[in-house]
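The values are calculated or read from the model by the stated rules, or taken from the named source; none is laboratory data. What you are looking at is a predicted structure, and each value in this text was computed from that prediction instead of being measured. Backbone-built Cβ (ideal geometry, glycine too); neighbour counts: all protein chains shown. Ligands, DNA and RNA are excluded from the accessible area calculation, which covers all protein heavy atoms including side chains. Shrake-Rupley method; radii C 1.70, N 1.55, O 1.52, S 1.80 Å.
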Amino acid sequence: MRYSVFSLLREAARGHTGWPQQWRSPEPKAAYDVVIVGGGGHGLATAYYLAKEHGVRNVAVLEKGWLGGGNTGRNTTIVRSNYLWEESEAIYEHAVKLWETLSHELNYNVMYSPRGVMMLAHTLHDVQVFKRHVHANRLAGIDNEWLTPEEAKAVCPPLNIGNLRYPILGAALQRRGGTARHDAVAWGYARAADALGVDIVQNCEVTGIRRNPHGAVEAVETTRGTIRTAKIGIVAAGHTSVVAAMAGLRLPLESFPLQALVSEPVKPVLPCVVMSNTMHAYISQSDKGELVIGAGTDQYVSYSQTGGLHVTTHTLDAICELFPMARRMRMLRNWGGIVDVTPDRSPIIGKTPVEGLFVNCGWGTGGFKATPGSGHVFAATIARGEPHPIAAPFALDRFRTGRLIDEAAAAAVAH
Ligand SMILES: Cc1cc2nc3c(=O)[nH]c(=O)nc-3n(C[C@H](O)[C@H](O)[C@H](O)COP(=O)(O)OP(=O)(O)OC[C@H]3O[C@@H](n4cnc5c(N)ncnc54)[C@H](O)[C@@H]3O)c2cc1C
């Protein structure tokens, strides 16, 4: 929709009360074909692809707070696909390909910016691990290249490759990696899903899951009443184990706080994303000019969205070593989110032993990058009742069979 200067002035004069809403705020119906629990990027993307690609439009997304108020709106927005194992390369690369056309697909500017993601190696072990990733990725046709310290500095001039506590021995660079605007991803999917008939219901917490005498799901209990459904997709990130427990399902997940912070805005100084797994710090610059900085997880499980102060001060020590210019900058604010971590640091996507109950979780500290790909394959899995081929390796039963997808190295700080 386009607006004239006149309409902007008219709306300003009447307190901006006349703009059309981007999505409806419907009362929940008594029953849906599919109920998605969680209105983050993954849940909204799932609903969008259910409606668009599978014709399943009688869908509700139930969100206990506001859209994107979970990790979607709290993350540092790093997008990349340079993971180690073929299964991971497939899903993260599927997502990167969708990112490339997502603004067009949703008719919403998600500000995807493939400015490059550089991962620094500080020890011989880092060098070996990252080179292994470079080789594995290139065999799979995914871009990733090895840089000397001087080449890394040429790509990112403010980087200090001199006298460091953790010297820079080289870096892996994925040029197609980058960032996107997190809120816009939630809003874009919400608007597009709503236009296809999906009901997006905010301030609606799921408090229970009802099963019929045969064990299959039949309804969700919510703060806005009971809603009948034969299919439930739990996409609740850090709270997945809490919601799954409502159906009597125990998942191999631990929930940790993960923090980030931003500086005051400055002119463009950082041309790419830089990550240091060893020093537990990663940094990029938003289009507004703020330096967006992320830390590692707290050491203890918790549902507190604040996290330990010492974690962020440690991260700032690292950032100031890597980028001495940062010493003169003021930090504006910090926050935390609750991330759900699996034993092999890979997600769980698919059916569960409870009939009609599907989960998409365990993205831990690195699921934003997967949002479009995750929603796409999860929608297919729910619609068909069978795993999408890309999702199949991420089934829950890998923790029984032992076919783990160990991405602990790719996911050390995991973004
Ligand atoms: C500080 C930080 C930095 C990060 N940086 C990156 C990064 O750079 N790159 C990257 O790829 N990933 C990153 N991540 C991880 C990424 O944010 C997540 O993996 C991803 O956003 C998860 O999306 P989601 O839609 O599954 O979850 P969320 O956006 O958290 O959505 C889940 C929703 O479920 C809702 N919910 C929970 N319980 C209920 C209930 N009972 N009823 C109804 N609704 C409920 C919540 O309110 C929430 O809105 C980071 C995370 C954090 C916290």
Legend entry - Ratio of Rg to Rh over segment 4-55 (Cα coordinates, Kirkwood Rh, two decimals): 1.18
Legend entry - Prolate/oblate/rounded label for segment 128-169 (Cα gyration tensor, a/c 1.5): oblate
Inset, instruction - Using +1 at the Cβ of each Lys and Arg and -1 at the Cβ of each Asp and Glu in segment 1-155, identify which of Ile91, Pro114, Gly41 lies farthest towards the dipole's positive end. - result: Gly41
Legend entry - Label-point gap, in nm, between Ser4 and Thr278 - each point 7 angstrom along Cα→Cβ: 6.2
Inset, instruction - Specify whether the C-alpha gyration tensor of segment 185-263 places it in the rounded, prolate or oblate class, a ≥ b ≥ c being the square roots of the eigenvalues: rounded for a/c under 1.5, otherwise prolate if a/b is larger than b/c and oblate if not. - result: oblate
Legend entry - Percentage, to the nearest whole number, of Cα pairs in segment 1-160 over 20 Å apart: 68
Legend entry - Solvent accessible area, Å² - Lys351, 1.4 Å probe, full protein context: 100
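Quick one: length gained pulling Lys97 to Ala12 fully straight, 0.36 nm per residue minus the C-alpha distance?
Details: separation 85, 0.36 × 85 = 30.60 nm, distance 3.92 nm.
Stretched out fully, the Lys97 to Ala12 stretch lengthens by 26.7 nm.
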Legend entry - Cα→Cβ-extended label distance, 7 Å offset, between Thr123 and Met325, nm: 3.0
Inset, instruction - Report, in degrees rounded to the nearest 10, the 0 to 90 angle that the Cα long axis of helix 124-139 makes with the longest principal axis of the chain. - result: 60
Inset, instruction - Treating only the Cβ atoms of Lys and Arg (+1) and Asp and Glu (-1) as charged, compute the dipole magnitude of segment 290-351 about its Cα centre; round to the nearest 20 debye. - result: 200
Legend entry - Considering only the chain, percent of DSSP beta bridges that pair antiparallel, nearest 5: 75
Legend entry - Stretch gain in nm, segment Arg400-Gln202, where the contour uses 0.36 nm per residue and the Cα spacing is subtracted: 67.7 nm
Legend entry - Rounded, prolate or oblate (a/c below 1.5 giving rounded, otherwise prolate when a/b exceeds b/c) for segment 90-164 by Cα gyration tensor: oblate
Inset, instruction - Using only C-alpha atoms and all pairs of different ones, pull out the Kirkwood radius for segment 40-92 in Å with one decimal. - result: 13.2
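State the percentage of accessible surface on segment 279-415 attributable to carbon and sulfur atoms; use a 1.4 Å probe and exclude ligands, DNA and RNA. Kindly include the intermediate steps, with their values, before the conclusion.
On the way: 2960 of 5540 Å².
In segment 279-415, the share of accessible area belonging to carbon and sulfur is 53 percent.
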Inset, instruction - Calculate I(q)/I(0) for segment 266-415 by the Debye formula, one identical point scatterer on each C-alpha and no solvent, and give its log10 at q = 0.21 Å⁻¹ to two decimals. - result: -1.29
Legend entry - Net charge dipole size for segment 350-415 [Lys, Arg +1 and Asp, Glu -1 on Cβ; Debye, nearest 20]: 40
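Rounded to a whole number, what % of the accessible area of segment 1-95 do carbon and sulfur atoms account for, probe 1.4 Å? Display every interim value, and only then the final one.
Working: 2490 of 4400 Å².
Whole-percent figure for carbon plus sulfur exposure: 56.
Per-residue counts of other Cβ atoms within 10 Å, averaged by peptide: what ranking do you get for 217-228, 54-65, 17-28, highest first?
Working: 217-228: 17.4, 54-65: 20.7, 17-28: 11.3.
Output ranking for 217-228, 54-65, 17-28: 54-65, 217-228, 17-28.
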Inset, instruction - May I ask for the net charge around Glu205, where only other residues with Cβ less than 9 Å from the Cβ of Glu205 are counted and Lys, Arg are +1 while Asp, Glu are -1? - result: +1
Legend entry - Accessible area in square angstrom per residue, segment 345-387, 1.4 angstrom probe: 24
Legend entry - Over 26 Å between alpha carbons, listed pairs Lys29/Lys231; Lys64/Lys351; Lys64/Lys267: Lys64/Lys267
Legend entry - Max mean-square fluctuation residue, GNM over the chain, Cα-Cα springs under 10 Å, options Arg328, Arg138, Arg211: Arg328
Inset, instruction - Can you tell me the dipole magnitude for the chain around its Cα centre, using point charges on the Cβ only (Lys, Arg +1; Asp, Glu -1), in Debye to the nearest 20? - result: 660
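Between Gln22 and Trp335, 0.36 nm times their residue separation minus their Cα-Cα distance comes to what? Write out the running numbers ahead of the final one.
On the way: separation 313, 0.36 × 313 = 112.68 nm, distance 2.71 nm.
Extra length from Gln22 to Trp335 when fully extended: 110.0 nm.
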Legend entry - Nearest 10 degrees, 0 to 90: helix 86-106 Cα axis against the chain principal axis: 70
Legend entry - Helix-only [θ]222 nm of the chain, DSSP H runs n ≥ 4, -39500 (n - 2.57) each, per residue, nearest 500: -9000 deg cm²/dmol
Legend entry - Cα principal axis extents for the chain, largest first, Å: 65, 64, 39
Inset, instruction - Any chance you could give the angle, 0 to 90 degrees and rounded to 10, that helix 309-322 forms with the longest Cα principal axis of the chain? - result: 40
